[in-house]
Amino acid sequence: MNKMTEVLKLEQVSKVYGKGHTKVQALTNVNLSIYAKEVVLIMGPSGSGKTTLLSIAGALMKPTSGRVFVDELDITKLSERRLPQVRREHIGFIFQHFNLLSNLSAWENVMVPRLLAGEERKESEEIALKLIGELGLGRRKLHKPFQLSGGEQQRVAIARSLINNPKVVLADEPTGNLDSKIGQKVVERLIRVVEDHGGSVVIVSHDEKLADVVDRVFWLEDGKLSQRK
Ligand SMILES: Nc1ncnc2c1ncn2[C@@H]1O[C@H](COP(=O)(O)OP(=O)(O)OP(=O)(O)O)[C@@H](O)[C@H]1O
Ligand SMILES: [Mg+2]
């Protein structure tokens, strides 16, 4: 039998913030493999280390110990300088508070990571427009973030996370401030679009209902990860 391809792998990952009285052991020996085209949910109480885990998986931060493989490349061996490139080429990140650029239109926001990767403007415009359409925002492309609803901003953030065709999309509380029905719809759409593009999704959320629409569920508590489904 063929071994399944791992697009992302955390091996014995630990993270300690600070020192002395303010020292926090945020993650302890976390092991997690994400395979091609799967959808994974990570749940856990506030402060359990979910954002820390996602930031390390997304090459936004290095662990204190352990190893992180993105597409078989050990990113803990890379210099900080190389990490942005790894992020751009392999990972889509959806932040809890969207982090959209307020002076740019929805369309431009979606294009930014592709332009930063040095791709040509015209082609980037076309790809961004297609993604915006897939997320049902065709008629909002020229709107700025403040002119969009929370759910629409969230969909712009999703489109942006997909523009460089990442193998894995990491979503931190993507249902964030949305009411649970709309939140569920947005996440289902996220999953569908990522699947159409042949990628994997890791979602961090408090929302129990999402457990029904994902392949595997993990529970994080006090920085320790265990599998639930
Ligand atoms: N930059 C930091 N410096 C020091 N401690 C931190 C830092 N970031 C997070 N922590 C601590 O690490 C632990 C895990 O934080 P993290 O943000 O990963 O939790 P979380 O599960 O995402 O919580 P929430 O559900 O509230 O978003 C918490 O105890 C937090 O106080
Ligand atoms: Mg968090």
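Every number in this text was worked out from the coordinates using simple rules, so none of it is lab data. Being a predicted model, the structure only gives us computed values, none of them experimental. All Cβ positions, glycine included, derive from the backbone under ideal geometry; neighbour counts span all protein chains shown.
Using all alpha carbons of the chain, what is the percent of pairwise distances in each 10 Å bin, ordered from the shortest bin to the longest?
Whole-percent P(r) values from 0 Å outward: 8, 33, 36, 19, 3, 0.
Per-residue ellipticity at 222 nm for the chain, helices alone: DSSP H runs ≥ 4 residues times -39500 (n - 2.57), over residue total, nearest 500 deg cm²/dmol? Before the final figure, lay out each step's value.
Numbers: 6 runs with 71 residues, N = 229.
The helix contribution divided over the chain gives -9500 deg cm²/dmol.
Place a +1 charge on the Cβ of each Lys and Arg in the chain and a -1 charge on the Cβ of each Asp and Glu, then give the dipole magnitude about the Cα centre in debye, rounded to the nearest 20. Can you show the working numbers first?
Values: 34 positive and 28 negative charges, 78 e Å.
That gives the chain a dipole magnitude of about 380 debye.
Dipole magnitude of segment 1-132 about its Cα centre, charges +1 at Lys/Arg Cβ and -1 at Asp/Glu Cβ only, in debye to the nearest 20? Could the numbers behind the result be given before it?
Values: 18 positive and 14 negative charges, 121 e Å.
Dipole about the Cα centre, nearest 20: 580 debye.
For segment 6-227, with the dipole built from +1 on Lys and Arg beta-carbon atoms and -1 on Asp and Glu ones, taken about the Cα centre, which of V213, Q153, L100 lies farthest toward the positive end?
L100
Helix 150-162: angle to the longest alpha-carbon principal axis of the chain, degrees 0 to 90, nearest 10?
Taking Cα atoms only, the helix is inclined about 80 degrees.
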